[in-house]
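> Please read through the structure below; I'll follow up with questions.
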Amino acid sequence: MGSNLSRREFLKGSAAGAAALAAAGLLSSCTSNGGEQGKPENVKWDREYDVVVAGAGGTGVCAAAAACEGGAKTIIFEKAGIVGGTTNLSGGVMQAAGTDVQKAHSKFQDDTPEKHAAEWLAEGEGMLDEDLVKDLANGAPDCIKWLADSCGIEWVNVYGHCHVPYVDDSLMADRIHVYKDGGASGSGGIYVQAVLKYAQGKGAELETETEVTDLIMVDGRVAGVEITQKGQTYKVKANKGVILATAGIDNNIQMAKELNPQQYWVNTAYPGTCLCVKTDTGDGIRMGMKLGAAFVTGGTIDFCGKTGAATDNRTPIFPEFIVNKAGARFVCEDATYAFHYRAIFQQEMATGSPTYMIFGSNGGSVDAKVNSTDGTSYAWAGDALQAAVDSGELVKADTMEELAAKIGVDPRGLSRTFAAWQEDTENGNPDPFGRIEGLAPLTAPFYAYRNTPFNLGALGGLKINRKCEVLTVEGEVIPGLYAAGLNAGGWVGPYYPGSGTAVMGTCYFGRVAGAAAAAN
């Protein structure tokens, strides 16, 4: 790790965490004095506001809107030349339970935030802050209504995410809300622009190409920020608070190495597959840790960008199975995408070798009988199948033994796995990993695809309380400092629990942080 600190101690948010980052040179890009300390009369402020928001993605614009609703003079500083950040690249969908929209567009008429929270907590595997998760679930319906009533968002559809084998089916429901012209990759900007327009109508100011480079402490509280704008440095006072909304460590390889092993794996083993904006470099997390803030670890948002397998419950997954170097299955392949990609990460780390998706001609051909009967869509339909083989994206063979030899997995193991798959699917036996879709025998010729994660960012961030106040490693509030969205941790855990969680987190926690800062 580049220090004497154990990974276990570091990831728990030990008091030495910031020191470890400093030793590794990861805090150096925060200029000034590492959280400049002083008395009021010793700081020359260039500008003054009530609330300063660092970052103009979904979290930042919602925070600014809420701060203005609370009567605070507010400004957003955005490092990039445009607003939106990685939220722009999302579909803008949001999870919520018990809304009128859900009742109008799904069969789930009696869903509740309590069930929603219970599902999220189960998927958090004991790593989450229960209060934050319950607050998010309980506050999500109001966010759906606020976005419609105040920001003009028109909700038009609701669907669900795929299952997780150990989560009780009674907790699952279609909760992913889609607005008009949203739902597809790249439509998250509609949400950002709608909220930004509302926030500016309430008086929020915005300056782009302006980087918040440091937090300024005065009399033991965060009193403002240092910014860099057009090559010049300025000090901006924040009378009520500073809100960190600069996303996660997505494109900071060194911070990922220290704080998030799966994100580090993505950025090094599969460089170029991180789809987050380049400005997501952990700035807010780094600045908070310089002041002794605790860091709460998490997983990543990884999925199969080629097939879209298990990204939602509207499209059945095709017949295929995933194997490791030994040729053995190790995960429920139709479980929600980030769940099974966490398992892929763990297997590749444990074996030092790639993993592969194995399928037959009924998984790639547009003429496959199963394709015409159940509506399943395939990544390699028609001519695309042979094109993928010709390009080397897919490996083709007439037998499993031949396929194993070509991809470097144990031929005996792959043959045993194939035989068990054929027997179980032909006879309707329960899947040993809890899979429920795409259970059909494979037909020759056979194909292998090297699993490649497409990444929408790292989970985990600064530790916060229910007001989004940033906490030290001792659990004490850092006065005047707030964090929200994926700049904060504890509300989303070891793998991403399904589409719409993160964007709802930007809205809910952004609004909480803005309201709390305005009321400070």
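> Would you check which residues across segment 66-105 are assigned to a helix (DSSP H, G or I) and under 21 Å from Ala137 (Cβ atoms) and list them?
Ala66, Thr87, Asp100, Val101, Gln102, Lys103, Ala104, His105
> Follow-up question, since we're still on this one. Suppose we filter segment 388-409 for residues that are β-branched (Val, Ile, Thr) and in a helix (DSSP H, G or I); how many remain?
2
> I need the full set of residues from segment 331-346 which are within 19 Å of Pro316 (Cβ to Cβ) and open to solvent by 20 Å² or more (accessible area, probe 1.4 Å), in order please.
Answer for segment 331-346, where residues must be within 19 Å of Pro316 (Cβ to Cβ) and open to solvent by 20 Å² or more (accessible area, probe 1.4 Å): just Phe339.
> Please go through segment 410-436 and give me each residue that is open to solvent by less than 60 Å² (accessible area, probe 1.4 Å), closer than 30 Å to Ile301 by Cβ and not in a helix (DSSP H, G or I), ordered by number.
Asp431, Gly434, Arg435, listed by residue number.
> Can you spot a residue in segment 137-157 that is of a type in the set (Phe, Trp, Tyr), without any contact (Cβ under 8 Å) to a residue 60 or more places away in the chain and surrounded by 22 or more Cβ atoms within 10 Å (Cβ to Cβ)?
Yes - at least one qualifying residue is present in segment 137-157.
> Mind checking which residues of segment 361-386 are part of a helix (DSSP H, G or I), touching a strand residue (DSSP E or B) at 6+ places or on another chain (Cβ under 9 Å) and either open to solvent by less than 70 Å² (accessible area, probe 1.4 Å) or modelled with pLDDT of 95 or more (or both)?
Result: Ser361, Gly363, Gly364, Leu385.
> For segment 132-161, what are the residues that are part of a loop (DSSP other than H, G, I, E, B) and within 15 Å of Tyr495 (Cα to Cα)?
Residue satisfying the conditions is His161 alone.
> Something else now. Within 28 Å of Asp283 (Cβ to Cβ), surrounded by fewer than 19 Cβ atoms within 10 Å (Cβ to Cβ) and without any contact (Cβ under 8 Å) to a residue 24 or more places away in the chain: is that true of Gln193 in this structure?
no
> Taking segment 24-58, which residues are modelled with pLDDT of 70 or more, open to solvent by 10 Å² or more (accessible area, probe 1.4 Å) and β-branched (Val, Ile, Thr)?
Selection gives Val43 alone.
> Out of Thr307, Thr273, Thr300, Thr315, which single residue is surrounded by fewer than 20 Cβ atoms within 10 Å (Cβ to Cβ), in contact (Cβ under 8 Å) with a residue 60 or more places away in the chain, farther than 30 Å from Gly480 by Cβ and in contact with a strand residue (DSSP E or B) (Cβ under 8 Å, 6 or more places away or on another chain)?
Exactly one of Thr307, Thr273, Thr300, Thr315 is surrounded by fewer than 20 Cβ atoms within 10 Å (Cβ to Cβ), in contact (Cβ under 8 Å) with a residue 60 or more places away in the chain, farther than 30 Å from Gly480 by Cβ and in contact with a strand residue (DSSP E or B) (Cβ under 8 Å, 6 or more places away or on another chain), namely Thr273.
> Of the conditions (1) more than 19 Å from Ala247 (Cα to Cα); (2) in contact with an Asp or Glu (Cβ under 8 Å, 6 or more places away or on another chain), Cys68 fails just one. Which one is it?
For Cys68, the exception is condition (2).
> Filter segment 161-185 down to residues that are in contact with a Ser or Thr (Cβ under 8 Å, 6 or more places away or on another chain) and either closer than 23 Å to Glu437 by Cα or open to solvent by 40 Å² or more (accessible area, probe 1.4 Å) (or both), then give me how many there are.
Matching residues across segment 161-185 total 9.
> I would also like to ask the following. Consider Ser499 against the criteria (1) in contact with a His (Cβ under 9 Å, 6 or more places away or on another chain); (2) surrounded by fewer than 24 Cβ atoms within 10 Å (Cβ to Cβ): it satisfies all of them except one. Which criterion is unmet?
Looking at each condition in turn, Ser499 falls short on (2).
> Still on this structure, please answer the following. Would you call Leu439 in contact with a helix residue (DSSP H, G or I) (Cβ under 7 Å, 6 or more places away or on another chain) and open to solvent by 60 Å² or more (accessible area, probe 1.4 Å)?
When the stated conditions are applied, Leu439 passes them.
Condition check ((1) under 10 Å from the mean Cα position of the chain (by Cα); (2) β-branched (Val, Ile, Thr); (3) assigned to a loop (DSSP other than H, G, I, E, B)) across all residues:
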{"site": "Val470", "(1), (2), (3)": "no, yes, no"}
{"site": "Gly480", "(1), (2), (3)": "no, no, no"}
{"site": "Leu486", "(1), (2), (3)": "yes, no, no"}
{"site": "Tyr495", "(1), (2), (3)": "yes, no, yes"}
{"site": "Ala502", "(1), (2), (3)": "yes, no, no"}
{"site": "Arg511", "(1), (2), (3)": "no, no, no"}
{"site": "Ala516", "(1), (2), (3)": "no, no, no"}
{"site": "Asn520", "(1), (2), (3)": "no, no, yes"}
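> So which of Ala440, Ala448 is within 17 Å of Ile317 (Cα to Cα), of a type in the set (A, V, I, L, M) and in contact with a Ser or Thr (Cβ under 7 Å, 6 or more places away or on another chain)?
Ala440
> So, in segment 211-242, exactly how many residues are outside any strand (DSSP E or B) and of a type in the set (Asp, Glu)?
Qualifying residue count for the region: 1.
> Moving to a separate point now. If Gly188 passes every condition in (1) closer than 28 Å to Gly152 by Cα; (2) buried (at least 22 other Cβ atoms within 10 Å of the Cβ); (3) out of contact with any Ser or Thr (no Cβ under 8 Å at 6 or more places or on another chain) but one, which one does it miss?
(3)
> Which residues, counting only those in segment 106-131, are touching a residue at least 60 places away in the same chain (Cβ under 8 Å), assigned to a helix (DSSP H, G or I) and surrounded by 14 or more Cβ atoms within 10 Å (Cβ to Cβ)?
Hits for segment 106-131 are Glu119, Trp120, Glu123.
> Filter segment 448-496 down to residues that are over 30 Å from Ala238 (Cβ atoms) and open to solvent by less than 10 Å² (accessible area, probe 1.4 Å) and give me whichever is modelled with the lowest pLDDT.
Gly493
The values are calculated or read from the model by the stated rules, or taken from the named source; none is laboratory data. Bear in mind the structure is a predicted one, so any value in this text is a computation, not a measurement. Note: ideal-geometry Cβ built from the backbone for every residue, glycine included; neighbour counts use all protein chains shown. What goes into the accessible areas is simple: the full protein's heavy atoms, side chains included, and nothing from ligands, DNA or RNA. Shrake-Rupley method; radii C 1.70, N 1.55, O 1.52, S 1.80 Å.
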